[in-house]
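Scroll down for the structure; my scribbles are underneath it.
A short reminder: the numbers here are calculations on the coordinates, not readings from a lab. Predicted model only: the values in this text are computed from it and were never measured. Here the Cβ positions follow ideal geometry from the backbone for every residue, glycine too, while neighbour counts run over all protein chains shown.
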Amino acid sequence: MSTETQSPNIERVGVVGCGQMGAGIAEVCARAGMDVMVHEIDADSAERGRTRLLGSFDKAVARSKMTEEERDETISRLTFTTDLADMADRRMVIEAVIEDEKLKTDVFTTLDNVQVLVGVVLIAWASRPIAFCIGDALSNSQVINAGTINPGANAGGVLWQCLLQSICSG
């Protein structure tokens, strides 16, 4: 087993879905210094997610919440993909797709086959019945249901940061 696999530090995160929830999660992770890969179903959706994130960063600059240099550094930590297999080098994948049982099951089955390095998959927004169905789709991954923590809200962002720091520190 490689030392990288044994390391508790999570520096590479994947986010599946870049709607409001996924974009907020990707933003929190990128601002925390993580290398973030965002997955969307197609190129148009990925571009909409990217535009959503850039708009949020521009607002943060305008409100003096971050400098232009910090914005540019944060943006440089974001990549976008339409292929879930690209998540293979991620230490953690956070799922944030729409509340659709078949879609979520397909995402988790694919992620399970990709075998994320640490195997921790967070369900960003899932009702309890769907969360149980997802758990059945996974054999190689640990599942943590983060419930309805909104990363865009002030308290939600803080909770996501605490959750990620807790996981990252082992």
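Annotations for the structure displayed:
- Overall form of region 4-114 per C-alpha gyration tensor (a/c, 1.5; a/b vs b/c): oblate
- Only the Cβ atoms of Lys and Arg (+1) and of Asp and Glu (-1) were treated as charged; on that basis the dipole of region 6-62 about its Cα centre amounts to roughly 180 debye.
- On the beta carbon distance between Ser76 and Glu99, with R0 = 45 Å, the FRET formula returns roughly 0.90.
- For the peptides 42-48, 106-112, residues were scored by their other Cβ atoms within 10 Å and the scores averaged per peptide; the highest-first order is 106-112, 42-48.
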